[in-house]
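Below is one structure, written out as structure tokens, with a few remarks after it.
The values are calculated or read from the model by the stated rules, or taken from the named source; none is laboratory data. Since the structure is predicted, the reported quantities are computational estimates derived from the model, not experimental observations. Cβ: placed from backbone, ideal geometry, glycine included. Neighbour counts: every protein chain shown. Calculation scope for accessible area: heavy atoms of the full protein, side chains included, ligands and nucleic acids excluded. Shrake-Rupley method; radii C 1.70, N 1.55, O 1.52, S 1.80 Å.
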Amino acid sequence: MAIVSRGFFGRRGEGDVKLPPGQYLTHDFPVLSAGPTPRIGLDRWEFTIDTELGETHRWSWADLMALPSETPTLDLHCVTKWSKLGTGWQGVSLDVLMEDVETAAEYALAYSYGGYTTNLPLEDLLDGKAWVAYKYDGDDLTPPHGGPARLLVPHLYLWKSAKWVRGIRLMNEDWPGFWETAGYHNYGDPWLEQRYQGD
Amino acid sequence: MRRLPWRVAELVEVRHETTTARTLVFEVPGWPGHLAGQHVDVRLTAPDGYSTQRSYSVAAPEQGERVELTVELVRDGEVSPYLTEILEIGDQVEIRGPVGGWFVWRPERVAPVLLVAGGSGMVPLMAMIRARREAGSSAPFRLIYSVREPDQRFYLDELASPDPGLDVAYIFTRKTPDGWARPPGRIMPPDLAGASTDIDSFVCGPTGFVEAAADQLIALGHAAERIRTERFGPTGG
Ligand SMILES: Cc1cc2nc3c(=O)[nH]c(=O)nc-3n(C[C@H](O)[C@H](O)[C@H](O)COP(=O)(O)OP(=O)(O)OC[C@H]3O[C@@H](n4cnc5c(N)ncnc54)[C@H](O)[C@@H]3O)c2cc1C
């Protein structure tokens, strides 16, 4: 049982919404990144999927725009404790990008312009659970929030939704990414409060 | 892998930094120690079991089981008004950590360091300045500390007589002291220019401040890999 802090009563204005443990609701859109925000010109932008067999699939910005997109409404949960509900996005489902990719890999490492990486099981990217998103709230995604395009995997803490995503490497073995190497949880399920290693 | 446990933290000392910020020193039995730049999670629980958590940077290097935080009041906030106005000596909260292995300065490191703070973003950078002093490090440090007004500066006395090799510069965004040469205004490239770009930079503060300062460092030729940032929230770009 947690100890009670004398004189603390808390704010429970929006108590009817259910949040993962330890999260609080925000209406802002905070930013978490470990370094400066990279800027990537759309003419240079590309997205790749590399398989464990050494095959590479590539999309230019025009290729990405030509793919069928979806407009999911998603709840976001950041490990720094804020949650933001009902955010509107536009992007291409990973199912579409993976359609012609032949793989038996179990793990994926997403990597970004600027050098960021994050790992997750491949199945967490499939079956309508993940997107490469390029519009937020009807507008082009701004660089601080990961533009021109970011990965979105909303059922995991937001650090798994790699900003400035550049590609995904499919692997037979799990390979910890940036925050996963720096003490954060390998999987990051907010409903299980998997914030840090050992949670 | 062992879970980072929640530990009971008892407030043992309070220091007022400004009219809206105070330093809280907690005694945390079993505290494993931390590095300068890391943060902790603070959990508050109400009598009916409701609880909430926030992150706070540690303001001082490891000192046994003591954990020192500096909290700035965010009006209408849930946690910071409690920590800055209600919590008293002898009261308890829960703390878990340390967290964050990236925004960290290690005393073994000899490279010159540029610290860029906006508002309460000063807190983890002060831990680095104090760690440098404690270690007797001679790594050159330069601090650029942006605040709205002169009386919003934390750690004023301590920074008034800086350690040898530590250079301190202030930026006032709204109101300057009398006779201050730089007009009030947000951080600009000339504030950051001058020194060599062969340095490690730590930039911490509200998101907008960090975005602006980090972009300016890049434009001045600093390598992105050598700029580490910590964004305290709230709003993004
Ligand atoms: C890694 C990390 C380290 C941090 N270290 C420190 C620290 O050393 N000292 C410190 O004082 N704070 C620090 N913060 C910020 C802190 O975690 C809280 O966000 C802050 O104290 C506000 O919490 P609250 O419950 O009072 O406000 P909330 O109830 O969370 O928010 C109330 C309102 O205030 C806005 N708001 C939230 N945070 C801020 C802010 N920082 N400035 C202005 N408006 C805000 C919110 O958007 C909201 O509208 C840190 C944050 C992170 C992520």
Residue count, region A:62-86 (criterion: under 25 Å from residue A:34 (Cβ atoms) and modelled with pLDDT of 95 or more): 4
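Residues are listed down the side, and each one gets a yes or a no for (1) in the same structural domain as residue B:206 (by TED's automatic domain parsing); (2) at pLDDT below 95; (3) out of contact with any strand residue (DSSP E or B) (no Cβ under 7 Å at 6 or more places or on another chain):
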residue	(1), (2), (3)
B:108	no, no, yes
B:121	yes, no, no
B:128	yes, no, no
B:131	yes, no, no
B:136	yes, no, yes
B:139	yes, no, no
B:142	yes, no, no
B:149	yes, no, no
B:153	yes, no, no
Selection over region A:114-128 where residues are surrounded by fewer than 17 Cβ atoms within 10 Å (Cβ to Cβ) and closer than 26 Å to residue A:181 by Cβ yields a count of 4
Would you please name the residue that is surrounded by the most Cβ atoms within 10 Å (Cβ to Cβ), looking only at residues in region B:84-103 that are more than 9 Å from chain A (Cβ to nearest Cβ) and more than 17 Å from residue B:7 (Cβ to Cβ)? B:84
Examine region B:69-85 for a residue that is without any contact (Cβ under 8 Å) to a residue 12 or more places away in the chain and at positive phi, and state whether such a residue exists. yes
Scan region A:20-44 residue by residue and report those that are more than 10 Å from every other protein chain (Cβ to nearest Cβ) and either surrounded by 18 or more Cβ atoms within 10 Å (Cβ to Cβ) or of a type in the set (Ser, Thr, Tyr) (or both). A:40
State which residue is least open to solvent (accessible area, probe 1.4 Å) when the search covers only region B:118-160 and only residues that are outside any strand (DSSP E or B) and of a type in the set (Lys, Arg). B:132
The listed residue being touching a Phe, Trp or Tyr at 6+ places or on another chain (Cβ under 8 Å), among the charged types (D, E, K, R) and open to solvent by 60 Å² or more (accessible area, probe 1.4 Å), out of B:17, B:10: B:10
Matching residues in region B:181-234 (within 16 Å of the ligand (Cβ to nearest atom), closer than 16 Å to residue B:144 by Cβ and assigned to a strand (DSSP E or B)) number 7
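With the condition kept exactly as written, say whether any residue in region A:67-76 is within 16 Å of the ligand (Cβ to nearest atom) and open to solvent by 20 Å² or more (accessible area, probe 1.4 Å).
Here is the first cut: in region A:67-76, the residues within 16 Å of the ligand (Cβ to nearest atom) are A:76.
When the remaining residues are screened for being open to solvent by 20 Å² or more (accessible area, probe 1.4 Å), the result is none.
No - not one qualifying residue is present in region A:67-76.
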If we ask which residues in region B:45-68 are more than 6 Å from the ligand (Cβ to nearest atom), open to solvent by less than 40 Å² (accessible area, probe 1.4 Å), assigned to a strand (DSSP E or B) and not acidic (Asp, Glu), their number turns out to be 5
Has region A:1-10 got any residue that is away from the ligand (no atom under 16 Å from the Cβ), within 30 Å of residue B:95 (Cα to Cα) and β-branched (Val, Ile, Thr)? yes
Report those strands (runs of 3 or more DSSP E) wholly inside region A:1-109 carrying at least 3 residues which are under 15 Å from the mean Cα position of the chain (by Cα). A:73-77, A:82-93
Here is a check on your reading of the model: is residue B:237 over 20 Å from the mean Cα position of the chain (by Cα), modelled with pLDDT under 95 and within 16 Å of the ligand (Cβ to nearest atom)? yes
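Considering only residues of region B:104-117 that are more than 11 Å from chain A (Cβ to nearest Cβ) and open to solvent by less than 30 Å² (accessible area, probe 1.4 Å), which is nearest to the ligand (Cβ to nearest atom)?
Narrowing region B:104-117 to residues more than 11 Å from chain A (Cβ to nearest Cβ): B:105-117.
Of the ones still in play, those that are also open to solvent by less than 30 Å² (accessible area, probe 1.4 Å) are B:105, B:111, B:113-117.
Working: B:105: 15, B:111: 24, B:113: 19, B:114: 19, B:115: 14, B:116: 15, B:117: 11 Å.
Looking at residues that are more than 11 Å from chain A (Cβ to nearest Cβ) and open to solvent by less than 30 Å² (accessible area, probe 1.4 Å), I get B:117.
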Filter result (open to solvent by 40 Å² or more (accessible area, probe 1.4 Å) and in a loop (DSSP other than H, G, I, E, B)) within region B:31-44: B:32, B:35
